[in-house]
Amino acid sequence: MAGSPVVPEPPTNIPTILFGAFDRHNFGDLLFPHVVAAMLDDRNPVFAGLVDADLRRFGGHAVHAIAPLAAAWGERAVNIIHVGGEILTCGAWQAAVMLLPPQQAHEAITRLDARPREALEWAQRRLGTRALAPYCLPKGLFSGAARVIYNAVGGTELGQCDAALRAEVLADLGAADAVGVRDRETLAQLAAAGITARLVPDPAVMVAALFGERIARHTRAGEVAQIRAAFPQGYLAMQFSADFGDDATLDAIAAGLERSARSTGYGVALFRAGAAPWHDDRVCYARLAARLRATSVRIIESLDIWDICALIAASRGYCGSSLHGRIVAMAFALPRLNLLHPSAGRRPGKQAAFAATWEPPEVRATVAVDHLAAGVGNALNADPERLRHTARELVGRYSDEFGAIRQRLE
């Protein structure tokens, strides 16, 4: 994934750097820079992450590593937009592992996961930064920075983070020119720490409005077209992360899907919302499919983000652990439901925090795997006009908030 570090020549005007975790395969993170770039109109942004990476084969971008970019452009006036995501709680160790190929990630975890000090030192060396939360850039990294903006970021578990990481993040946010967060839980935590922030929907609420035609083309070709043909009665778009892969949890998911399929007649289309380490695992899906003896199921191989958007858009609804599976379903005014991991306990998580902020009260946010069938049934009974109203409302709110960001860059 990583390539040789080539720093682009700076444009003659003040360049805008779009920075985020779209340097590895994760559905939502790869969508963010598309949305922000489209909303910037005629600007020509530079796409940057922690490492050089080329995600274009997945519908993403060619990404430049931020450290050499800062070394080359450090004294120039630049605008920096953190494009979104749950970046406030992503530590260096977590970030570095997720940027590795699977086998190398496994080896690093085996060697270092139980030795946190060594793990942090290794991660910081690998990423070329001393930051504890490397997806939050200190304003001084670019001494000539004109604007540093956080666009609809999340940090629902910031209060549970290590004190040093939390202090670093709060200092970075305090030095920024504008901070937007995507849920009330994060907003409350920052307010308690004296950080002024605005409440902004996640950028992915814009995918239908901005890229509806592009996504429609993907529904008519490739695997998505095959899925639609295979399930003329409709299907549920579903995914879950690898930590749902123990036998008891898979048994519960399978039982719920079998009950749901009997009542609806819908098939199940399983997709991966993230192929980076600690995300989704096709092997888990195959083990689930083996349990679905009475339910038609297909596993989608494509990791292209536009295929994933199309799969959701053409479905009867979404169910899974991905926040952005939910948000894309919201953008297309479709039923949606997030699965709670059995270990979640009372922690609300980013999925529940986002839903509590932006969903109508009658739309259920999450469901335990043991109650999957009832949760799906409830989601499918949602009022379609209410879902369309929510989609329109979120587009309007995000457009207004991003308009304020655009004005800051002019």
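The values are calculated or read from the model by the stated rules, or taken from the named source; none is laboratory data. Since we're looking at a predicted model, the values are computed, not measured. Reconstructed Cβ throughout: ideal geometry from the backbone, glycine too, with neighbour counts over all protein chains shown. Just so you know, the surface numbers come from the protein's heavy atoms only, side chains and all, with ligands and any DNA or RNA stripped out. Shrake-Rupley method; radii C 1.70, N 1.55, O 1.52, S 1.80 Å.
Annotations for the structure displayed:
- Count of residues meeting criterion [open to solvent by less than 50 Å² (accessible area, probe 1.4 Å), touching a strand residue (DSSP E or B) at 6+ places or on another chain (Cβ under 9 Å) and touching a residue at least 60 places away in the same chain (Cβ under 8 Å)] in the stretch 315-340: 15
- Residue count for the stretch 318-354 under the criterion of being among the basic types (Lys, Arg) and either under 11 Å from the mean Cα position of the chain (by Cα) or closer than 16 Å to GLN239 by Cβ (or both): the result is 3.
- Being β-branched (Val, Ile, Thr), closer than 24 Å to PRO33 by Cα and not in a strand (DSSP E or B) is true of ILE215.
- Residue in the stretch 98-115 that is open to solvent by less than 20 Å² (accessible area, probe 1.4 Å), of a type in the set (Gly, Ala, Ser), under 25 Å from the mean Cα position of the chain (by Cα) and closer than 20 Å to VAL169 by Cα present: no
- From the list ALA276, ALA252, ALA204, the lone residue that is part of a loop (DSSP other than H, G, I, E, B) and open to solvent by less than 30 Å² (accessible area, probe 1.4 Å) is ALA276.
- Qualifying positions in the stretch 71-97 - surrounded by 19 or more Cβ atoms within 10 Å (Cβ to Cβ), of a type outside the set (Asp, Glu), touching a strand residue (DSSP E or B) at 6+ places or on another chain (Cβ under 9 Å) and assigned to a loop (DSSP other than H, G, I, E, B): VAL83, GLY84
- Pick from the stretch 283-313, criterion touching a strand residue (DSSP E or B) at 6+ places or on another chain (Cβ under 8 Å) and not β-branched (Val, Ile, Thr), ranking: farthest from GLY377 (Cα to Cα): ALA286
Here is a yes/no grid of residues against (1) open to solvent by less than 50 Å² (accessible area, probe 1.4 Å); (2) within 22 Å of GLY317 (Cβ to Cβ):
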position: TRP358; (1), (2): yes, yes
position: PRO361; (1), (2): no, yes
position: VAL367; (1), (2): yes, yes
position: ASP370; (1), (2): no, yes
position: ASN381; (1), (2): no, yes
position: VAL395; (1), (2): yes, yes
position: ASP400; (1), (2): no, no
position: GLY403; (1), (2): yes, no
position: ARG406; (1), (2): no, no
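- Failed item, numbered, when ARG166 is tested on (1) farther than 24 Å from PHE354 by Cα; (2) open to solvent by 40 Å² or more (accessible area, probe 1.4 Å); (3) modelled with pLDDT of 90 or more: (1)
- With respect to the conditions (1) within 24 Å of the chain's Cα centre (by Cα); (2) not in a loop (DSSP other than H, G, I, E, B), GLN226 falls short on a single one, namely (1).
- Where helices (runs of 4 or more DSSP H) fall entirely within the stretch 300-410, those with at least 2 residues that are under 28 Å from PHE231 (Cα atoms) are at 305-313, 323-331, 372-380, 384-409.
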